[in-house]
There are 2 protein chains.
Amino acid sequence: MRNVKLIVSYDGGDFNGWQTQPGFRTVQETLESAISKLTGEPKTRVNVSGRTDAGVHAVGQVVNFYTASDHPPEVILRAVNANLPPDVIVRDAAEMPQSFDANRDAKRKLYRYVIHDGPVSDVFLRRYAYHVRNRLDVAAMKRAAVPLLGRHDFHSFETNWPNRMSSVRTITHLALNRLGDWLWLDVEADGFLYNMVRAVAGTLVNVGRGYWPESHVAEILQAEDRKEAGPTAPAQGLFLMRVSYDR
Amino acid sequence: MRNVKLIVSYDGGDFNGWQTQPGFRTVQETLESAISKLTGEPKTRVNVSGRTDAGVHAVGQVVNFYTASDHPPEVILRAVNANLPPDVIVRDAAEMPQSFDANRDAKRKLYRYVIHDGPVSDVFLRRYAYHVRNRLDVAAMKRAAVPLLGRHDFHSFETNWPNRMSSVRTITHLALNRLGDWLWLDVEADGFLYNMVRAVAGTLVNVGRGYWPESHVAEILQAEDRKEAGPTAPAQGLFLMRVSYDR
């Protein structure tokens, strides 16, 4: 069996998230069907770097799957894309060593959260951003975000759920930029808790609106209590940009 | 009666064009309903700078309408937007002299046609661009477009339809730009024939693909025969950007 890695981009707006669920349109099921149609193998199962929730987008999601078919990667790329609907696309395909595991081997992930604070919503990008009516103070948000960098217990930014053993993660990169009425928050970490980026975005928006002082973010982090942080910002602003591996 | 001008932006993807047609979702009917809901006047009729076809988008469409209501323009802007679905938005509202007519007084319109020639389609912008699989030769397209500038009979670029008396129009500005895998063709003229920008785009794409020599565009113009030009490029790449008035 060959081990094939795919880099996949999808518009999450019309999907009920990544993971297959009977009766719902999911990215996993859509992708697996398109691969099976090419290989003729009925039970193709893709292994993903990490699930994304309903409405969340991906620019560079990574999966791997095993196949007995001998199509070269460039043929897989073209043929799977021909079988996919317009809101999912395979951007790259490569053959990997047998041991490669898109989930276990992922070293870092980069998420981007997009906010629009123009006076009226943007009809073209409304499905890809969180529209906030108040003009946000980006300088205050940037300063407020500094304590989040590094290794911390992010339990305050984790939706209650069957959670992982530990909520300690390391944010290796955190940047907020503005261009006109558009803000994007980039967060790279060695792993993410459930709804973590959306809780960080909702918290920083509360600072940007002037509801909370900048210093409040450090207090939220120390509280280790989800009730202290801001709301979970809407799914449509969130993009999984990139998953990094050692090789 | 007060004469109110609106600048309107819409995502044409889910509309059956501008003009009201029973049984179809149209921008005109959607906007008129939203205004009527505010003013309480049941028969509000908006007068548009020019209709757009099914699937065509607008960044800066212009309309005017008469109303007896005394809401100031900023209230009209907010209240009409509150009554509109997410794919139409009023960007600006202003009170105008009685004589202002969004259609008759329009001096120039600027349309933009967006083309994506990346190897795979873009899942986020697929509804806002024409995806061409061949890499286009933009330098050749630019040179080929030069003869279109100025005053000409554009009958070769006009879909047969109950047409205007004359197919002579003046293109005052024509520019083609590339940024990465994205091209945009800007065409400003004193008026446009039916499907004119889409026929120009389809023609230039044939040059960019290498199907036609650059010199062929001048020949098409001289032929005054629609069959000589390239195909009508898809509606989803076309945006009405701006309508200019003397005052």
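The values are calculated or read from the model by the stated rules, or taken from the named source; none is laboratory data. Since the structure is predicted, the reported quantities are computational estimates derived from the model, not experimental observations. Neighbour counts run over all protein chains shown; Cβ positions are idealised from the backbone, glycine included. SASA here: full protein model, heavy atoms, side chains in, ligands and nucleic acids out. Shrake-Rupley method; radii C 1.70, N 1.55, O 1.52, S 1.80 Å.
Per-structure values
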item: Residue in the stretch B:29-47 that is within 11 Å of another protein chain (Cβ to nearest Cβ) and open to solvent by less than 30 Å² (accessible area, probe 1.4 Å) present; result: no
item: Qualifying position, being assigned to a loop (DSSP other than H, G, I, E, B) and either open to solvent by 20 Å² or more (accessible area, probe 1.4 Å) or touching a helix residue (DSSP H, G or I) at 6+ places or on another chain (Cβ under 7 Å) (or both), among A:N103, A:N81; result: A:N103
item: Selected residue (criterion: farthest from the chain's Cα centre (by Cα)) from residues of the stretch A:101-115 that are of a type in the set (A, V, I, L, M, F, W, C) and closer than 17 Å to A:T172 by Cα; result: A:A106
item: Matching residues in the stretch B:106-121 - criterion: being more than 14 Å from chain A (Cβ to nearest Cβ) and open to solvent by less than 30 Å² (accessible area, probe 1.4 Å); result: B:A106, B:L110, B:Y111, B:Y113, B:I115, B:D117
item: Exclusive hit being small (G, A, S) and touching a strand residue (DSSP E or B) at 6+ places or on another chain (Cβ under 9 Å), set B:G40, B:G12; result: B:G12
item: First in the stretch A:5-23 and more than 9 Å from chain B (Cβ to nearest Cβ) and crowded, with 22+ Cβ neighbours inside 10 Å, second anywhere and part of a loop (DSSP other than H, G, I, E, B) and not hydrophobic (A, V, I, L, M, F, W, C), Cβ under 7 Å, 6 or more apart; result: A:G12/A:T52; A:G12/A:G55; A:F15/A:R25; A:F15/A:T26; A:W18/A:T26; A:W18/A:R51; A:W18/A:T52
item: Single unsatisfied condition, A:W184 versus (1) outside any strand (DSSP E or B); (2) under 18 Å from the mean Cα position of the chain (by Cα); result: (1)
item: Every residue from the stretch A:122-145 that is out of contact with any strand residue (DSSP E or B) (no Cβ under 8 Å at 6 or more places or on another chain), away from chain B (no Cβ under 14 Å), assigned to a helix (DSSP H, G or I) and open to solvent by 10 Å² or more (accessible area, probe 1.4 Å); result: A:A139, A:R143
item: Pairs, first within 25 Å of A:R127 (Cβ to Cβ) in the stretch B:75-97, second among the acidic types (D, E) and open to solvent by less than 50 Å² (accessible area, probe 1.4 Å), C-beta under 8 Å, six or more apart; result: B:D87/B:D11; B:V88/B:D11; B:I89/A:D122
item: Members of the stretch B:192-225 that are surrounded by fewer than 17 Cβ atoms within 10 Å (Cβ to Cβ) and of a type outside the set (F, W, Y); result: B:G210, B:P213, B:S215, B:A218, B:E219, B:Q222, B:A223, B:E224, B:D225
item: Check on A:A93, of a type outside the set (F, W, Y), within 14 Å of chain B (Cβ to nearest Cβ) and in a strand (DSSP E or B); result: yes
item: The stretch B:152-191: number of residues that are of a type in the set (A, V, I, L, M, F, W, C) and open to solvent by less than 20 Å² (accessible area, probe 1.4 Å); result: 8
item: Condition check for A:R91: in contact with a Ser or Thr (Cβ under 6 Å, 6 or more places away or on another chain), open to solvent by 20 Å² or more (accessible area, probe 1.4 Å) and of a type outside the set (D, E); result: yes
item: Per-region count, the stretch B:53-78, residues in a loop (DSSP other than H, G, I, E, B), under 26 Å from B:Y130 (Cα atoms) and open to solvent by 20 Å² or more (accessible area, probe 1.4 Å); result: 2
item: Subset of the stretch B:1-57 [in contact with a Lys or Arg (Cβ under 9 Å, 6 or more places away or on another chain), of a type in the set (D, E) and within 19 Å of B:E74 (Cα to Cα)]; result: B:E32
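So that you can scan it fast, the table gives a plain yes or no per residue for (1) within 16 Å of A:L238 (Cα to Cα); (2) within 18 Å of the chain's Cα centre (by Cα):
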site	(1), (2)
A:D117	yes, no
A:V132	yes, no
A:R135	no, no
A:A139	no, no
A:V168	no, no
A:L179	no, no
A:Y194	yes, yes
A:V200	yes, yes
A:T203	yes, yes
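Yes or no, residue by residue, for (1) under 17 Å from A:V205 (Cβ atoms); (2) touching a residue at least 12 places away in the same chain (Cβ under 8 Å):
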{"site": "A:S121", "(1), (2)": "yes, no"}
{"site": "A:L149", "(1), (2)": "no, yes"}
{"site": "A:H155", "(1), (2)": "no, yes"}
{"site": "A:L176", "(1), (2)": "yes, yes"}
